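The values are calculated or read from the model by the stated rules, or taken from the named source; none is laboratory data. Note that the structure is predicted; figures quoted are calculated from it, not measured. We place every Cβ from the backbone using ideal geometry, glycine too, and count neighbours over all the protein chains shown.
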Amino acid sequence: MRANVADLERLKLRQVVMRDVSSRDQSVDVLRQRLPLPIILAPIGLGGMFARRAEVQAVRAAGRAGVPNTWLVSRSNSRNGSVRINMG
């Protein structure tokens, strides 16, 4: 415990104050691909256990926002109900 406390005492935290946020850029680079948001949905294949067609709804919402996503092999909806998203 003393070692943990000593390690934490050596950390220097720097406060950053937000200024003009009228033009925000939340994009990030992940695996050499530019994403509009620092979010990736994975896996979303079993969402149907909690809500009707949850996987399809999640994929469509991710597509509108440009968020990459994956399907789980054991998804709860049929293959005909799946949705494909072109990420560029």
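Values as computed for the structure displayed
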read-out: Residues that are in a helix (DSSP H, G or I) and either buried (at least 18 other Cβ atoms within 10 Å of the Cβ) or modelled with pLDDT of 80 or more (or both), drawn from the stretch 57-88; value: Gln57, Ala58, Val59, Arg60, Ala61, Ala62, Gly63, Arg64, Ala65
read-out: Pair list, Cβ under 7 Å, 6 or more apart: the stretch 35-64 residue under 28 Å from Asp25 (Cα atoms), other residue of a type in the set (D, E, K, R) and in a helix (DSSP H, G or I); value: Ile44/Glu55
read-out: Every pair of residues 6+ apart whose Cβ atoms lie under 9 Å, when the first sits in the stretch 1-27 and is surrounded by 10 or more Cβ atoms within 10 Å (Cβ to Cβ) while the second is of a type in the set (Val, Ile, Thr) and part of a loop (DSSP other than H, G, I, E, B); value: none
